[in-house]
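Sharing a structure with you now.
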Amino acid sequence: MTTPPASRAAELREMLNFHIYRYHVLNSPVITDGEYDALYHELVRLEEEHPELVTPDSPTMRVGGQARDDLPKVRHVATVLSLQNAFSDDDVRAWRERIGKLLPSTVQLDYVVEPKFDGLSIALTYENGIFVQGATRGDGVIGEDVTPNLRTIRHLPLRIPVDPDGPPAPPRLVVRGEIYFELSIFEALNRRRVEADEAPFINPRNAASGALRQLNPRITAERPLSLTCYTILDGDGDLPRTQWDALHYLQGLGFPVMVDLCAYYDDPEEMITYLHTWEKRRKTLDFDIDGLVIKVNDRRVMADLGVAGKDPRGSIAFKFPAEERTTKLLDVAFNVGRTGVLTPNAVLEPVMVSGVTVKQATLHNFDYIAEKDIRVGDTVIVKRSGEVIPYVVGPVADLRDGSEHPISPPATCPVCNTAITQQPGEVAVYCSNTACPERLVRSIEYFVSQGAMDIEGLGERIVRQLVTARLIRDVADLYFLTADQLLGLEGFAQKKVDNLLTAIDASRSRPLPRVLASMGIKGVGSTIAELLTSHYPSMDLLEQASQDDLQTIEGLGPQISGAVVAFFADAGNRALIDKLKQGGVKMEAVGKARASDKLAGLTFVLTGTLPTMTREEAGELIELHGGKTLGSVSKKTGYVLAGEAAGSKLDKARELGIPVIDEAGLRKLIE
């Protein structure tokens, strides 16, 4: 039975007002932004179809949430508006058609496209070039005075122009911007909170909001926030007439403005094509954006177009597919990895996230489950960013009804039924059976992967087929497979067999670091493998090394060196290496001729995404000129080579005062 429009509108108003209160006043949302948007736009459609249903308390009549009672209030000189949303190309075209009808036919529109930052909106007031006040958006008319807290943000200029040679400051200027956390800083902040037995923040936006709205500015100062500015709200004097000029004007005064992420268009169809280039590009940023803002470039035309409800007609937000959703956690399944580690995965009530139906998501480990207090039966927030595996952010505890129950590790392996073990001081729980079929499959998958022996054509399905047929019982058996064996398997024709055997044969000559990295020694990836084989250029020499010997290598600590020694002390592992030798796998390093000694004596740690080369290629370039690459940052590290989205290694470098360079800086060192 269809709900009458009046009843549904009343229901939507009640729900939306409740969620606005939870988000803006209590700082404790129980649904995601995407779900709120869906409810909001359903009400907008109802009110457009039935104008008589609009009431004074409708969320469509509001600009934002209430200001907090415990912060001083500020009345904005100009209403700080929100934006109408577009979710498709046709929505953008419909917006363009609507505003076109409101303007004289002689007006030729052009546009500016800017990132839509997922942070906390802020209004900054300057008088005679001096920062005098900063306020949150609040309800768009009245916000919260957070001036002392904003002064702790180093990106914010306290006096303009910052450069004496810049444009002169107007008598009065009100600038709108966004406060946000860089993702790498947010992750480091959450790690520190967990170490201090404090609850981690759910997402960067909530953390930024909480940090800025503290009553004690010292707390804000401890949480390194960032600021970007993007428009002029009000001001006196000769101000720019276009949005494009305003961005450059603000940048010239010394405001942090991401002009390089903005674009100008006078052709709406070219602009629409440009919007979709951001679907992948946004994954390279060290901050969250949830869409793009399209603005009419001429600020006078923008003002003439006016406001519809709470939305300026002259701009619109093109929203990306939502990356977070709430759903029910129905059960927990356990995956067994190559080392026997059991990883808990949430079995979910299916939910659409970022355009994909998600039925499972990782729960990371049992410490994470305990820290977040995630329970079976919870309503949970699920996140999927780009191609990243979906994961459970945390529960919405306020929606519990008492039927939920805690999640505990299983007593036995779900595959082979062997008792589960846990090493002292470790988070992980293990299946201790080295012959567990699932461990074998995962070990072979890792061995043949692109970063290891790189055997093309050996995906999970074929690996399982070979294991089930008992053709391989360890990774070395791959090098003894015959065409007759493979032709007997379902789906294997002569060409497929020839291609697979050719790929296996090619892997016999992989460099020693690749072979070592493929062995699955704990903590030994490609970087550490390169480091080890530069000191021990054969597997036999490395096998004879003691832990004390290994710890003399800079960048190698007791845990990894102990893991290497323990690996070679195991008779089964030594037998596996002998079998690989018999299969023709090379176990000696081939010396590389140096191009120069420009980097001799220097050590580098690599982090983040570089603009023109992979980290592996950068490592090879460093070694080609006499330098060495390490896996972790210490006081003895020479340089940290950092690219986009650099993580905790960059934080550590800054703490220790280690020089940080980019790709261009590396090339200068070589030159």
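Any residue in segment 368-380 that is of a type outside the set (A, V, I, L, M) and modelled with pLDDT under 85? Give the steps one after another, and end with the answer.
Going residue by residue through segment 368-380, those that are of a type outside the set (A, V, I, L, M) are 368, 371-373, 375, 377-379.
Now drop any that are not modelled with pLDDT under 85, which leaves none.
No, segment 368-380 has no match at all.
Which condition breaks for H535 when tested against (1) touching a residue at least 24 places away in the same chain (Cβ under 8 Å); (2) closer than 26 Å to K636 by Cβ?
Against the list (1) touching a residue at least 24 places away in the same chain (Cβ under 8 Å); (2) closer than 26 Å to K636 by Cβ, H535 comes up short only on (1).
Quick grid of which residues meet (1) surrounded by 21 or more Cβ atoms within 10 Å (Cβ to Cβ); (2) among the hydroxyl-bearing types (S, T, Y); (3) under 22 Å from Y430 (Cβ atoms):
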| site | (1), (2), (3) |
| --- | --- |
| G340 | yes, no, yes |
| T343 | no, yes, yes |
| K359 | no, no, no |
| E371 | no, no, yes |
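Of the conditions (1) polar (S, T, N, Q); (2) surrounded by 15 or more Cβ atoms within 10 Å (Cβ to Cβ); (3) modelled with pLDDT of 90 or more, T533 fails just one. Which one is it?
Of everything listed in (1) polar (S, T, N, Q); (2) surrounded by 15 or more Cβ atoms within 10 Å (Cβ to Cβ); (3) modelled with pLDDT of 90 or more, T533 misses just condition (3).
In addition: With hydroxyl-bearing (S, T, Y), under 27 Å from L183 (Cα atoms) and at pLDDT 85 or above as the only criterion, which of S121, S88 stands out?
Working: S88 fails: under 27 Å from L183 (Cα atoms).
One residue alone meets the criteria, S121.
If we scan segment 581-596, do we find a residue that is in contact with a helix residue (DSSP H, G or I) (Cβ under 6 Å, 6 or more places away or on another chain) and either within 30 Å of L285 (Cβ to Cβ) or among the charged types (D, E, K, R) (or both)?
No, that holds for no residue.
Which pairs do you get when a residue that is modelled with pLDDT of 90 or more, found in segment 552-573, comes within reach of a residue that is among the acidic types (D, E), reach meaning Cβ atoms under 6 angstrom, with the pair 6+ apart or on two chains?
Partner pairs satisfying both residue conditions: F568/E543.
Restricting the search to segment 418-456, which residues are within 28 Å of the chain's Cα centre (by Cα) and outside the structural domain of L501 (by TED's automatic domain parsing)?
Filtering segment 418-456 for residues within 28 Å of the chain's Cα centre (by Cα) gives 426-429, 442-443, 445-452, 454.
Correct list: E426, V427, A428, V429.
Results for (1) of a type in the set (D, E, K, R); (2) touching a strand residue (DSSP E or B) at 6+ places or on another chain (Cβ under 7 Å); (3) assigned by TED's automatic domain parsing to the domain that holds T32; (4) modelled with pLDDT of 90 or more, shown as yes or no for each residue.
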site: P217; (1), (2), (3), (4): no, no, no, no
site: T242; (1), (2), (3), (4): no, yes, no, yes
site: Y249; (1), (2), (3), (4): no, no, no, yes
site: K283; (1), (2), (3), (4): yes, no, no, no
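Moving on to the next point. Of everything in segment 285-321 that's aromatic (F, W, Y) and buried (at least 22 other Cβ atoms within 10 Å of the Cβ), which residue is modelled with the lowest pLDDT? I'd like the intermediate steps shown before the answer.
Applying the first criterion (aromatic (F, W, Y)) to segment 285-321 yields 287, 318, 320.
Narrowing the set further to residues that are buried (at least 22 other Cβ atoms within 10 Å of the Cβ) leaves 287, 318.
Values: F287: 86, F318: 93.
For segment 285-321, the residue satisfying everything is F287.
Moving to a separate point now. If we only count strands (runs of 3 or more DSSP E) wholly inside segment 584-643, which ones have 3 or more residues that are in contact (Cβ under 8 Å) with a residue 60 or more places away in the chain? So that I can check it myself, show each step before the final result.
Values: elements: 603-607, 628-630, 639-642.
Fully inside segment 584-643 and qualifying: 628-630.
Additional query: Taking segment 376-417 as the search range and keeping residues that are within 15 Å of F334 (Cβ to Cβ) and of a type in the set (G, A, S), which one is nearest to the chain's Cα centre (by Cα)?
S408
Shifting gears a bit: I'd like the full set of residues that are surrounded by fewer than 18 Cβ atoms within 10 Å (Cβ to Cβ) and touching a helix residue (DSSP H, G or I) at 6+ places or on another chain (Cβ under 7 Å), limited to segment 632-650.
Scanning segment 632-650 gives K635, E644, A645, G647, S648.
Examine segment 538-558 for a residue that is part of a helix (DSSP H, G or I), touching a strand residue (DSSP E or B) at 6+ places or on another chain (Cβ under 8 Å) and buried (at least 20 other Cβ atoms within 10 Å of the Cβ), and state whether such a residue exists. Lay out the reasoning, then the answer.
Within segment 538-558, the first condition is being part of a helix (DSSP H, G or I), and the residues that meet it are 539-543, 547-551, 558.
Still in the list and also touching a strand residue (DSSP E or B) at 6+ places or on another chain (Cβ under 8 Å): 539.
Next cut, buried (at least 20 other Cβ atoms within 10 Å of the Cβ) only: 539.
Checked segment 538-558: at least one residue is part of a helix (DSSP H, G or I), touching a strand residue (DSSP E or B) at 6+ places or on another chain (Cβ under 8 Å) and buried (at least 20 other Cβ atoms within 10 Å of the Cβ).
Among the listed residues L120, L83, L103, L124, which satisfies the condition of being touching a strand residue (DSSP E or B) at 6+ places or on another chain (Cβ under 8 Å), hydrophobic (A, V, I, L, M, F, W, C) and surrounded by fewer than 20 Cβ atoms within 10 Å (Cβ to Cβ)? Full working, then the answer.
Details: L120 fails: surrounded by fewer than 20 Cβ atoms within 10 Å (Cβ to Cβ); L103 fails: touching a strand residue (DSSP E or B) at 6+ places or on another chain (Cβ under 8 Å); L124 fails: surrounded by fewer than 20 Cβ atoms within 10 Å (Cβ to Cβ).
On inspection, the qualifying residue turns out to be L83.
All but one of (1) in contact with a Ser or Thr (Cβ under 8 Å, 6 or more places away or on another chain); (2) among the hydroxyl-bearing types (S, T, Y); (3) under 30 Å from E47 (Cα atoms) hold for S315, so report the exception by its number.
Just one mismatch for S315, condition (1).
Which ranges mark the helices (runs of 4 or more DSSP H) fully within segment 394-511 that have 1 or more residues being out of contact with any strand residue (DSSP E or B) (no Cβ under 6 Å at 6 or more places or on another chain) and loosely packed, with under 14 Cβ neighbours inside 10 Å?
Values: elements: 437-448, 460-468, 483-487, 494-507.
Once the helices (runs of 4 or more DSSP H) in segment 394-511 are filtered for at least 1 residues that are out of contact with any strand residue (DSSP E or B) (no Cβ under 6 Å at 6 or more places or on another chain) and loosely packed, with under 14 Cβ neighbours inside 10 Å, what remains is 460-468, 483-487, 494-507.
If you check T609, T629, T614, which single one turns out to be among the hydroxyl-bearing types (S, T, Y), buried (at least 18 other Cβ atoms within 10 Å of the Cβ) and modelled with pLDDT under 85?
Details: T609 fails: buried (at least 18 other Cβ atoms within 10 Å of the Cβ); T614 fails: buried (at least 18 other Cβ atoms within 10 Å of the Cβ).
T629 is the lone residue from the list that is among the hydroxyl-bearing types (S, T, Y), buried (at least 18 other Cβ atoms within 10 Å of the Cβ) and modelled with pLDDT under 85.
Condition test on I232, is it surrounded by 18 or more Cβ atoms within 10 Å (Cβ to Cβ), farther than 26 Å from T152 by Cα and modelled with pLDDT under 95? Give the derivation first.
Numbers: surrounded by 18 or more Cβ atoms within 10 Å (Cβ to Cβ): yes; farther than 26 Å from T152 by Cα: no; modelled with pLDDT under 95: yes.
Here the answer is no, as I232 does not meet what is asked.
Hey, another quick one. Of all residues being more than 26 Å from the chain's Cα centre (by Cα) and at pLDDT below 70 in segment 27-58, which is surrounded by the fewest Cβ atoms within 10 Å (Cβ to Cβ)? Just the residue, please. Write out each step before concluding.
Initial filter on segment 27-58 (more than 26 Å from the chain's Cα centre (by Cα)): 39-58.
Within this subset, residues satisfying the condition of being at pLDDT below 70 are 56-58.
Working: P56: 6, D57: 9, S58: 20.
Looking at residues that are more than 26 Å from the chain's Cα centre (by Cα) and at pLDDT below 70, I get P56.
Here is a list: R338, R384, R325. Which entry is within 30 Å of L576 (Cα to Cα) and in contact with a Ser or Thr (Cβ under 8 Å, 6 or more places away or on another chain)? Step through it out loud before you land on a result.
On the way: R384 fails: within 30 Å of L576 (Cα to Cα); R325 fails: within 30 Å of L576 (Cα to Cα).
Going through R338, R384, R325 in turn, the sole match is R338.
With the condition kept exactly as written, say whether any residue in segment 132-142 is part of a strand (DSSP E or B) and within 26 Å of A646 (Cβ to Cβ). Steps first, please.
Initially, segment 132-142 is screened for residues part of a strand (DSSP E or B), giving 132-136, 142.
Within this subset, residues satisfying the condition of being within 26 Å of A646 (Cβ to Cβ) are none.
The answer is no, given that none of the residues of segment 132-142 is part of a strand (DSSP E or B) and within 26 Å of A646 (Cβ to Cβ).
Based on what the data block shows, is D163 assigned by TED's automatic domain parsing to the domain that holds L183, in contact (Cβ under 8 Å) with a residue 60 or more places away in the chain, at negative phi and within 33 Å of the chain's Cα centre (by Cα)? Show your work before the answer.
Working: assigned by TED's automatic domain parsing to the domain that holds L183: yes; in contact (Cβ under 8 Å) with a residue 60 or more places away in the chain: yes; at negative phi: yes; within 33 Å of the chain's Cα centre (by Cα): no.
No, not satisfied.
Scan segment 65-87 and report the pairs whose first residue is farther than 28 Å from P115 by Cβ and whose second residue is small (G, A, S) and at pLDDT below 75, with Cβ atoms within less than 9 Å and a gap of 6+ or a chain change.
K73/A67
The values are calculated or read from the model by the stated rules, or taken from the named source; none is laboratory data. Everything numeric in this text was worked out from a predicted model, so none of it was measured. Don't worry about glycine lacking a Cβ; one is built from the backbone with ideal geometry, like all the others, and counts go over all protein chains shown.
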